[in-house]
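My questions all concern the structure below.
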Amino acid sequence: MNETLGLIFISIGLVFDLIGCFGLLRMPDVYNRLQATTKCVTLGTSSILLGVLFFKGFGPTGIKAILVGVFLLLTAPVAAHALARGAYRSGVKLCEKSVCDDYAKDALS
C-alpha cells in the first residue's frame with residue numbers, strides 16, 4: 001500500500017515538474033516564467049519527496065525527505081521573489097501583453 005501511494009505521489013510530482021518545464025519554455029517574459037516554474041516545481045518536488053517518504057518510511061531517508069521538503073517550501077518562493085525583484089530593478093521589461101504593473105504603482109507611492 002505504501003509503495004502504491006509512493007508511486008502515485010512521485011508520478012504526480014513528475015507531471016507537475018514537466019508542466020513547470022513547459023511553462024519555462026512557453027511563457028513570454030522572466031516574470032511569467034518565474035511564476036510558472038516556481039509554483040509547479042515547488043509542488044512537484046514536494047510531491048516527489050512525499051512519495052519518497054511513503055517508500056522509505058520514517059527512517060533516515062524519510063526524515064531527510066521531510067527536511068528537504070520543508071526547506072524547499074520555505075526558500076523557493078523567497079528566491080523567486082528575490083529574482084523577480086532583482087530583474088525588475090535592473091530594468092528587465094514586462095511583456096507587451098502585460099495588463100498592469102503593480103510594482104511600479106507601489107514604487108511611486
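The values are calculated or read from the model by the stated rules, or taken from the named source; none is laboratory data. Predicted model, so just to flag it, every value in this text is computed and none were measured. Please note: Cβ atoms are built from the backbone with ideal geometry, for glycine as well, and neighbour counts cover all protein chains shown. In case anyone asks, the SASA skips ligands and DNA or RNA and just uses the protein heavy atoms, side chains included. Shrake-Rupley method; radii C 1.70, N 1.55, O 1.52, S 1.80 Å.
When residues of the stretch 49-69 are filtered for being open to solvent by less than 80 Å² (accessible area, probe 1.4 Å) and part of a helix (DSSP H, G or I), how many remain? Break it down into steps so the answer makes sense when it comes.
Initial filter on the stretch 49-69 (open to solvent by less than 80 Å² (accessible area, probe 1.4 Å)): 49-54, 57, 59, 61-63, 65-66, 68-69.
The next check asks that each one be part of a helix (DSSP H, G or I); those that pass are 49-54, 61-63, 65-66, 68-69.
Summing the residues that are open to solvent by less than 80 Å² (accessible area, probe 1.4 Å) and part of a helix (DSSP H, G or I) in the stretch 49-69 gives 13.
So that you can scan it fast, the table gives a plain yes or no per residue for (1) hydrophobic (A, V, I, L, M, F, W, C); (2) in contact (Cβ under 8 Å) with a residue 60 or more places away in the chain:
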{"site": "THR4", "(1), (2)": "no, no"}
{"site": "MET27", "(1), (2)": "yes, no"}
{"site": "VAL30", "(1), (2)": "yes, yes"}
{"site": "LEU50", "(1), (2)": "yes, no"}
{"site": "GLY62", "(1), (2)": "no, no"}
